[in-house]
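The values are calculated or read from the model by the stated rules, or taken from the named source; none is laboratory data. Only a predicted model underlies this, so the values are computations on that prediction, with no experimental measurement involved. Note that each Cβ is placed from the backbone with ideal geometry, even for glycine, and that neighbours are counted across all protein chains shown. These area figures cover heavy atoms from the full protein model, side chains too; ligands, DNA and RNA do not enter into them. Shrake-Rupley method; radii C 1.70, N 1.55, O 1.52, S 1.80 Å.
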Amino acid sequence: MIKSESFVSVVIVIQNHLENIYEPLSKLGSLLDENYSDYELVVIAPGLNTTHAEVEDRVLKHIPCVRIIQLSSAVFYDVALAAGLESAIGDFVVLWNPLSDPIHIVPEIVNQCRSGTDVVVGVSSHVRTLRYRIIRRLMNVALRTIDYDIPRNATGLRCLSRRAVNAVTRIGRFHHQFYLRIQKTGYPAGELKYTPFKESEGANVVESLRRLLRLMVFNSSRPLRWMSVLGMCGSVAGFVFACYSVFIHLLNGNVAEGWTTTILFMTSLFIVQFVMMAFFGEYLGRLLDESSAQAEYAVVYERNSEIMVNTNRVNVMDTSLAPEANHVQTGRDN
C-alpha cells in the first residue's frame, strides 16, 4: 500500500482523562501510520487534573507522533480545540472526538477534504428522537438568523485544509465562536455522513439553550436590535393603552373596571423590560470579554513522543508532484 504524502494532524481534546482514550489513541496512530507518511496526534489536556506524568510517559513511549499540550486550567471546549488548531502543523487538520467518532472516519474525511472541500462537517446518520429533532430544528432556525448555517444533525467532527486553518487562526478570538469562524472561512464546505458509536441526544435542554444564547450573543449584534424593536413595540403598546385609558375616563368616568387589565399590561411591560435587561447584561459581558487583555488559554508544557518521524522514510522524492490529487492547494502540489 502506497502511503499518502499529505501531512495529517488530528486534534483531540481530553474530556475526562488521558487514560480513558489510550486504546483509541493507539488504534488511530496505527491507522494513520498505514495510510500517511507523516502525521501527528495533538492531544490537548485542558486542566491539570486531566492527565498524570505516568500516563503521559506510557502514551509517549508506546504511541508514535503524539504531542501532549497541557493547559494551565479548564477552558471552554471550543477554546481547547482552537489551541490544538493553532498548534497543528499538518496539511489537513481533523477535529476528532475519541469518545464518539469511529477511527476509520479520519482517512475518509481527509480524502473528501482533499477532493476540493476545504471544510468538511461530520453529520450523524442516527435516527434521533422527536424531542431532539424539534429542539435542534428550532435552534438551527435561530442560528441561521446570525448567518450560522450548519447541516442538520451536525457533530463536532471537522476536517480543515491548511488554507482554511490559516483563515480561522489569523482572525479574531475563539471564545464562544470557534465553529462559527470555521463556517465563515468562505472556502467550499461539504458534509460527511457517518454513524457515531456514542453521541449526546441533547437531553440537557437548559445547557443547549445556554450554548445557543452564547453563540448568538457573542457572534452577532442582531439580538440587540431585536431587543430594541421589542422595546419600541412595548412603548407603542403603552402609549396606545394610555390613550385608551384617557378615552374611557372621558367617556364614562369609570376606570376601576379596568384594574385587572392594567395589572396584566403592567406585568407584560415588566417582562419585556427584564428580558431586555438580560440581553443588555450579556452584551456588557461581551464588551468586557473583548476588552480584556487576558489570554484565552495558557500552555504549561508540551511533551512529544519518543518517535516523531517515520524512520523508514528517506528525505528524497522521485517527483515534485504528489501521486494523489489535491484540489485544496495544500501540500506539495499547491
Which residues, counting only those in segment 25-49, are touching a Leu at 6+ places or on another chain (Cβ under 8 Å) and over 13 Å from VAL8 (Cα atoms)?
-> LEU25, VAL43, ILE44, ALA45, PRO46, GLY47
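Does segment 187-205 contain at least one residue that is closer than 30 Å to LEU284 by Cβ, open to solvent by 70 Å² or more (accessible area, probe 1.4 Å) and modelled with pLDDT of 70 or more?
Here is the first cut: in segment 187-205, the ones closer than 30 Å to LEU284 by Cβ are 202, 204-205.
Filter once more, keeping what is open to solvent by 70 Å² or more (accessible area, probe 1.4 Å): 204.
In the following step, the residues that additionally are modelled with pLDDT of 70 or more were identified as none.
The answer is no, given that none of the residues of segment 187-205 is closer than 30 Å to LEU284 by Cβ, open to solvent by 70 Å² or more (accessible area, probe 1.4 Å) and modelled with pLDDT of 70 or more.
Among the residues of segment 1-35, how many are in a strand (DSSP E or B) and either in contact with a Lys or Arg (Cβ under 6 Å, 6 or more places away or on another chain) or among the charged types (D, E, K, R) (or both)?
Filtering segment 1-35 down to residues in a strand (DSSP E or B) leaves 4-13.
This time we only want the ones that are either in contact with a Lys or Arg (Cβ under 6 Å, 6 or more places away or on another chain) or among the charged types (D, E, K, R) (or both), so: 5.
The number of residues fulfilling the criteria is 1.
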If we ask which residues in segment 66-96 are buried (at least 20 other Cβ atoms within 10 Å of the Cβ) and assigned to a loop (DSSP other than H, G, I, E, B), their number turns out to be 5
Counting only residues in segment 41-65 that are farther than 17 Å from TYR301 by Cα and in contact (Cβ under 8 Å) with a residue 40 or more places away in the chain, the one most open to solvent (accessible area, probe 1.4 Å) is identified as LYS61
Among (1) open to solvent by less than 80 Å² (accessible area, probe 1.4 Å); (2) at pLDDT 70 or above; (3) under 29 Å from SER100 (Cβ atoms), which single condition is MET227 missing?
-> (3)
